[in-house]
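Step one of this worksheet: look at the structure below.
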Amino acid sequence: MQPKTAILIGAGDRGARAYAPYALEYPNELEIVAVAEPNKERRRRIFEAHNIPTENCYDSWEDLLAQGKMADIAIVCTMDRHHFAPTMKALESGYHVLLEKPMSPDPAECIEMERAAKKYNRQLTICHVLRYTQFWSTIKKVIEEGTIGDVASIQLNENVEIMHMSHSFVRGNWSNKEKSSPMILQKSCHDMDILSFVMDKKCTRVSSYGSLMHFREENTPKGAPKRCLDGCPAELECPFHAGRYYLGEGKGWARKFTEDDSREGIIKALQETDYGKCVYQSDNNVVDHQVVNMEFEDGATATFSMSGFTREQTRMVQIMGTKGEIRGNMAENSISIFDFLTKHETVINFNRPVGGHGGGDNAIVRTFLRDIDNYGKQDSLSSASVSLRSHLMAFAAEESRLNKGESIELDSYYNSFVKEEV
């Protein structure tokens, strides 16, 4: 493989901690040569870690991309609603693009990005990292080999551990869908994608139910102030008390909203940022639980359930075939395969993964670099063309939820956003 160079647009948690470290671990394969990041401290850390020339450090993607093509790849990890413009400009400028999910909160923008990649003959890969894990790739292989016969139905549960829910989707960056994305898109487009990947059939229609049931103002403890550190009378009874959590077992999560993770630094951040707010008096409006029903082109079905009220962060799956069944739990990093005829059960325990998302964060960068060498010969495992369908499943699910579970035909839904190419 030929070594590649990359620019990094967005040096937050995913950009700086999930994808850029690959260049430090495998400098013979990838080098980060420029960065655009508005946060001065984050920009400094990337600059120092990757020895980026000072003249290649920018506080905006516009300034970086105005310099002309500086590398082979653009890694785009801005916030959800700021994916479209830098991605389109990078493709136009001749970069292959690795784009953090979701593509965009706007279906029309997703379609336009996919078309732009084809127009400019560039690789646009979406970071559906689950596809690149041993866990899901093995499940896919077992199904393809016919071990469990034809897949009739899949049940997938996404357990969003309760404190992760409160951190990211009540207090955090993804708490308000007008500012980021609906929950089914931001958090669970991974799940729509992996169901599409495993089923390997066209999803024809979806319906969905869900709501913001608990994290609402009417559930505020009596006398609770707007901020937890302002003397909340429910401190000892509330599992979400910001001071007790972020200064205790959740200190690692505090590093996501303050560059100063000393006790004093965390307290200051809790007094100034949304992470110190009462979870019942925040600016959140994304659901805290949701279910989605899906029908595929041969009559196979799938159900998906996301809940923010679970004790562990994991995904659990049951795949029911005509000859057998697969069950798996990502937290346990194992799957079992049961044969209906022999009654034999085969259990596969995977090696401890290196990196986040079950090893998927590292694996997607490695595969993306090789995909570029083979561009035009084969499509990326999570190309924009592949990802577009699962994004539309998520968009349609949200529309169904908002319309009391109305069933939505995906082909008609897609056509409602398509503009004729000039």
Could you tell me whether the stretch 326-422 comes out rounded, prolate or oblate from its Cα gyration tensor? Rule is a ≥ b ≥ c as square roots of the eigenvalues, rounded for a/c under 1.5, then prolate if a/b exceeds b/c, otherwise oblate. oblate
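Full extension from Glu29 to Lys118: what is 0.36 nm times the residue separation minus their Cα-Cα distance, to one decimal in nm?
Details: separation 89, 0.36 × 89 = 32.04 nm, distance 2.55 nm.
Extra length from Glu29 to Lys118 when fully extended: 29.5 nm.
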Pulled fully out, how much extra length does the chain show between Ala331 and Asn374, if you take 0.36 nm times their separation in residues and subtract their Cα-Cα distance? 12.1 nm
Within straight-line cross-link reach of Lys140, lysines at Cα separation under 23 Å, skipping those fewer than 8 residues along the same chain: Lys101, Lys187, Lys201, Lys202, Lys323, Lys343, Lys377
Note to self: C-alpha centroids of the stretch 150-204 and the stretch 9-49 sit apart, in Å, by 26
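Excluding Ser60 itself, calculate the net charge of residues whose Cβ lies under 14 Å from the Cβ of Ser60, where each Lys or Arg counts +1 and each Asp or Glu counts -1. It would help to have the intermediate numbers written out before the result.
Values: positive: Lys40, Arg42, Arg43, Lys89; negative: Glu37, Asp59, Glu62, Asp63.
Residues near Ser60 contribute 0 overall.
Restrict the search to the stretch 10-75; then list the trypsin sites (Lys or Arg not before Pro) that DSSP places in a loop and that have at most 15 other Cβ atoms within 10 Å of their Cβ. Mind showing how you got there, number by number?
Numbers: sites: Arg14, Arg17, Lys40, Arg42, Arg43, Arg44, Arg45, Lys69; in loops: Lys69.
Qualifying residues, ordered by number: Lys69.
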In the Gaussian network model of the chain, springs joining C-alpha atoms below 10 Å, which of Ile75, Ile319, Ile348 carries the largest mean-square fluctuation? Ile348
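Please report the net charge: other residues with Cβ closer than 11 Å to the Cβ of Val97, K and R +1, D and E -1.
Residues near Val97 contribute -1 overall.
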What is the distance in Å between the Cα centres of the stretch 121-144 and the stretch 213-274? 37
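Find out how many positive minus negative residues lie around Thr367, taking Lys and Arg as positive, Asp and Glu as negative, among other residues whose Cβ is under 13 Å from that of Thr367.
Numbers: positive: Lys4, Arg131, Arg366, Arg370; negative: Glu29, Asp361, Asp371, Asp373, Asp379.
Combined, the nearby Lys, Arg, Asp and Glu give -1.
By counting other Cβ atoms within 10 Å of each Cβ, how are Leu130, Leu341 ranked from fewest to most? Walk me through the numbers before you get to the answer.
Details: Leu130 22, Leu341 7.
Ascending Cβ contact count within 10 Å gives the list Leu341, Leu130.
How large is the helix-only mean residue ellipticity at 222 nm for the chain, computed as the sum of -39500 (n - 2.57) over DSSP H runs with n ≥ 4, divided by its residue count, in deg cm²/dmol to the nearest 500? Show your work: numbers first, answer last.
Numbers: 15 runs with 132 residues, N = 422.
Estimated from H runs of four or more residues: -8500 deg cm²/dmol.
Can you sort Met306, Met192, Met213, Met70 so the residue with the fewest Cβ neighbours within 10 Å comes first? Show your work: numbers first, answer last.
On the way: Met306 24, Met192 30, Met213 12, Met70 16.
Result, fewest neighbours first: Met213, Met70, Met306, Met192.
FYI, it's all coordinate maths here, none of it is from the lab. Source: prediction; values computed, not measured. Don't worry about glycine lacking a Cβ; one is built from the backbone with ideal geometry, like all the others, and counts go over all protein chains shown.
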